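Participant: Quick one: this structure, given as structure tokens, is what I'll be asking you about.
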């Protein structure tokens, strides 16, 4: 049961709605049918997030060579 984000095409009201199957969604403010579905930040991160490659950055300084790299300078 995903919660989706919408913007009403009639009154521009942004809202979230719990969508069950092919349920018809209406704007809670003006009751207009067929609001425009928005891409949420959570949905965007989950769908297109690249897999990290190699070691992560140093936890102390953020050096991209990995943990402990800053001690090599």
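Participant: Being surrounded by 15 or more Cβ atoms within 10 Å (Cβ to Cβ) and assigned to a loop (DSSP other than H, G, I, E, B) is the filter here; which residues of the stretch 1-12 pass it?
Facilitator: Across the stretch 1-12, the qualifying residue is only 8.
Participant: Which pairs do you get when a residue that is without any contact (Cβ under 8 Å) to a residue 12 or more places away in the chain, found in the stretch 10-21, comes within reach of a residue that is part of a strand (DSSP E or B) and loosely packed, with under 12 Cβ neighbours inside 10 Å, reach meaning Cβ atoms under 8 angstrom, with the pair 6+ apart or on two chains?
Facilitator: Correct list of pairs: empty, since none qualify.
Participant: Which is at pLDDT 85 or above and either in contact with a helix residue (DSSP H, G or I) (Cβ under 7 Å, 6 or more places away or on another chain) or outside any loop (DSSP other than H, G, I, E, B) (or both), of 31, 23, 17?
Facilitator: 17
The values are calculated or read from the model by the stated rules, or taken from the named source; none is laboratory data. Note that this is a predicted model, so its numbers are computed, not measured. Neighbour counts run over all protein chains shown; Cβ positions are idealised from the backbone, glycine included.
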